[in-house]
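Contents: one structure, followed by commentary.
Every read-out reported here was derived from the displayed coordinates using simple, explicitly stated rules and does not represent laboratory data. All figures in this text were calculated on a predicted structure; none of them were measured in a lab. Virtual Cβ from ideal backbone geometry, glycine too; neighbours counted across all protein chains shown.
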Amino acid sequence: MPLNHLHAVDVAKQLLKLQQNLLLAAKAQNWPLLRNLDRQLMALIQQLDLAGAREQFSTQLGVLQQSYQQVLTLAKEELHRTETQMKQFNQNRPGVLAYKQTIEGEGL
């Protein structure tokens, strides 16, 4: 059952705002905000499902899904960068500890 015009316009605005905010938060690497926006999106989609109105917004949801894929790509890239940094840190750690012990020993 399609939503009335005013409610449909409100939902369309919410979807557009979520799409824009998702992309901005991802580019800013604001992971807590992204998590919050994801929850908002899921709640809105559940409302559409309960109202039987998901089909009414299929175009907007398709565009939002594309943006969501971009966000996932950015998140995966950041995860990869972080994993690489952690690996390098763990590889360099014995040398750093040995250097620190040498420096501390020289101060005695």
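Within region 3-27, residues that are touching a residue at least 40 places away in the same chain (Cβ under 8 Å) have Cβ atoms under 8 Å from residues that are assigned to a loop (DSSP other than H, G, I, E, B) and surrounded by 15 or more Cβ atoms within 10 Å (Cβ to Cβ) in these pairs: LEU3/ALA53; ALA8/ALA53; VAL11/LEU3; VAL11/ALA53, counting only partners at least 6 apart in sequence or on another chain.
Among the residues of region 80-87, not a single one is part of a helix (DSSP H, G or I) and touching a residue at least 12 places away in the same chain (Cβ under 8 Å). Listed by first and then second residue, the pairs with beta-carbon distance under 6 Å, at least 6 apart or on different chains, first residue in region 34-55 and at positive phi, second exposed (fewer than 13 other Cβ atoms within 10 Å of the Cβ), are GLY52/MET1. Mind counting the residues in region 1-24 that are surrounded by 13 or more Cβ atoms within 10 Å (Cβ to Cβ), under 15 Å from ALA53 (Cα atoms) and touching an Asp or Glu at 6+ places or on another chain (Cβ under 9 Å)? Residues flagged as surrounded by 13 or more Cβ atoms within 10 Å (Cβ to Cβ), under 15 Å from ALA53 (Cα atoms) and touching an Asp or Glu at 6+ places or on another chain (Cβ under 9 Å) within region 1-24 amount to 1.
For GLY105, the stated conditions hold: it is farther than 15 Å from GLN14 by Cα and part of a helix (DSSP H, G or I). Among the residues making up region 25-58, those that are assigned to a helix (DSSP H, G or I), surrounded by 14 or more Cβ atoms within 10 Å (Cβ to Cβ) and not polar (S, T, N, Q) are ALA25, ALA26, LEU33, LEU34, LEU37, ASP38, LEU41, LEU44, ILE45, LEU48, ALA51, PHE57.
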